[in-house]
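Enquirer: Below is one structure. I have some questions about it.
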Amino acid sequence: MRGTTCVWFFAAVLAFVGCHGHEHGQGHGHGEADDHGHGHGAEDDPRPGLSVTRWTAANELFMEYAAFVVGQSSKFAAHVSMLPSFDAAKAGRVTVRLSPGSGAAIESVADAPSSPGIFRPALTPTAAGPCRLTVIIERDGKRDEIAIEDCVVHPDVTAAVKAEEAAADAASEPTISYLKEQAWKTVFSNEPVVSRRIQPTRTVFGRLRPAAGGEGRLIAGVSGRLGLPTPPPTLGQRVSRGQVLGTLSPRLADAAGGSPALEAEVAAAGAEVRAAAAQVERLERLHAEKSVAERQVDEAKTRLAAARAAEAMAAGRLAQFRSGAGVGQGGRAGPGGLMLRSPIDGVLVAVEAVDGQMVAEGASLFTVQDARTLWLEARVFEPDLPALAALESSDAGDAWFTVEGRDGAIVVDGVSARRIAVGSVVDERTRTAPVLFAVDNAEGRLRVGQSALVRIASGPAVTGLAVPLEAILDDGGRPVVFVHVEGEAFARRVLTLGPRDRTHALVTAGLTEGERVVVRGAYEVKLASSSGAVPAHGHAH
């Protein structure tokens, strides 16, 4: 009997029957209820136990009771779970009403649960015959009236046992026991299998990278000594466009950081200009006297132009060097030199030199990233490209992606993310083409370089029965779900799956419409099926 402990030796046969029946969801307990609300089968009460499970918008009702026999009390264990949380109802009122085919109805009321989630009314039928059973749940200002299928009040126990044996012969699917007390202590939910529209997808891998113009690198334009302000720039520091991050003193400057060498260069260039100008003036005078050829005058003018250009370049370098003087922060004067300014607003992600270090021309010094918008580059293999034609004609809802460590999918909906382009060139080495998405990252939860699993629409949507992805478990390489057959009985089903979207997968075999699958708590039910043990306070048969 359900709720009876399997006793070795003297009660071996009875124990075997009791445990076996429990795992297969056959008859349910009755008799006196224990502290958990489950019935202990009284040995002097051979009536079979019955049960009923119903779901409404607000409640899940799993009710156990003894078969109705004239003149004998049937005690109910009505387990009430609040929806959508599936938590045990800790308050409320449950009324059980028995309406015979003729005559007045009788009812019993439990004004409060005897323990969380369990209400225990009792009825004593007075006349045999067909009847109707109604359960009324009242809690939190709401009223649920649940009509149970037609019932029967039997004239005696023998008739009740025969009726239950006939019903038990029809049961064939093995089930797993997972008690309400177990479910109420964990996160649990189920939902019915219904028809949904599913968009087929292709799964590809992608990587987040800076958007165009979202990364700026400062490179040493000349060899020289790096000077940093006080305090120096640090990783993770937010900087503004044009903010001075340091100075670079070219090698032409002396060790003290002054500009004598640059000034000497300017002076030398000026002397060359003056000499070239004097040469032009002398040759023009001689040419007027027809003492020199015109060719010599032209050559002198060319030399003068080159000298003036060299002077301008030297003067520019000196001016640029002097403009960097005094840029130090924190009260320390800068050494002078070429100012290194942030090219964009953003965050410093690389600082590759230290104050006073000699750096070579072309060395990378600072990297600034603006990660408020990132690009996701998905690489699609060549054979999958024809299936992505739908993506090129729509902007929203065609793709979504997940990033390791971040809950939930990011949908390409034109707001959180949007498609930028579908590549038209296949990479010769990888045989892939890029698909680019711009991703909003104003909250800064995504990082450049992170990998992403991207699902991209790949054809017309299909409609069929579907289950939540959360409900599907991998069991030995096969997708399975657990169907909630009744209150504490679950059936394991192996599925054949079709296309999936970001929340559901199409089921082509293994389920029928309206069956309820466990969504949250499926793994706990799987563990219960693996243990092979009957809970200590199980129900008697």
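The values are calculated or read from the model by the stated rules, or taken from the named source; none is laboratory data. Computed from a predicted model, the values in this text were never measured in an experiment. Glycine also receives a Cβ, built like all others from the backbone with ideal geometry; neighbour counts cover every protein chain displayed. For the accessible areas, the whole protein counts, side chains as well, though only heavy atoms, and no ligand, DNA or RNA atoms are used. Shrake-Rupley method; radii C 1.70, N 1.55, O 1.52, S 1.80 Å.
Enquirer: At Ala421 and Lys301, where each label point lies 7 Å from the Cα along Cα→Cβ, what is the point-to-point distance in nanometres?
Expert: About 4.9 nm separates the two model spin labels.
Enquirer: Need the full-extension length gain, Asp140 to Ala159, defined as separation in residues times 0.36 nm minus the C-alpha distance. One decimal, nm.
Expert: Stretched out fully, the Asp140 to Ala159 stretch lengthens by 2.8 nm.
Enquirer: Cα extents of region 172-298 along the three principal axes, largest first, in whole Å?
Expert: The Cα atoms of region 172-298 stretch 126, 42, 22 Å along the principal axes, largest first.
Enquirer: What lysines does Lys162 reach when the alpha-carbon gap must be under 25 Å and sequence neighbours fewer than 8 apart in one chain are set aside?
Expert: Straight-distance partners of Lys162: Lys75.
Enquirer: Still on this structure, please answer the following. Could you sort 98-111, 339-352, 75-88 so that the peptide with the highest average Cβ count within 10 Å comes first and the rest follow in order?
Expert: By packing density, highest mean first, the sequence is 75-88, 339-352, 98-111.
Enquirer: Run the numbers for Leu286 and Arg406: contour at 0.36 nm per residue of separation, minus the present Cα-Cα distance, in nm.
Expert: 34.7 nm
Enquirer: If we sort 289-298, 492-501 on the protection proxy, mean other Cβ atoms within 10 Å, highest first, what's the order?
Expert: Final packing ranking: 492-501, 289-298.
Enquirer: So, one more: Kindly sort Val244, Val69 by accessible area of their heavy atoms, largest first, with the probe set to 1.4 Å.
Expert: Per-residue accessible area, sorted high to low, gives Val244, Val69.
Enquirer: Shifting gears a bit: Using the per-residue mean of other Cβ atoms lying within 10 Å as a proxy for protection, in what order, highest first, do the peptides 202-208, 460-466 fall?
Expert: So the order, starting with the most tightly packed, is 202-208, 460-466.
Enquirer: Another question, if that's okay. Taking region 43-106, which GluC sites (Glu not before Pro) meet the DSSP loop condition and have no more than 11 other C-beta atoms within 10 Å?
Expert: When the GluC sites (Glu not before Pro) of region 43-106 are filtered for loop state and at most 11 Cβ neighbours within 10 Å, Glu43 remain.
Enquirer: Using a probe of 1.4 angstrom, how much of the accessible area of region 413-541 is carbon and sulfur, in percent?
Expert: Carbon and sulfur together cover 49 percent of it.
Enquirer: For region 67-193, rounded, prolate or oblate, judged on the Cα gyration tensor with a ≥ b ≥ c (square roots of eigenvalues), a/c < 1.5 rounded, else prolate if a/b > b/c?
Expert: Taking the square roots of the gyration eigenvalues as a ≥ b ≥ c, region 67-193 is oblate.
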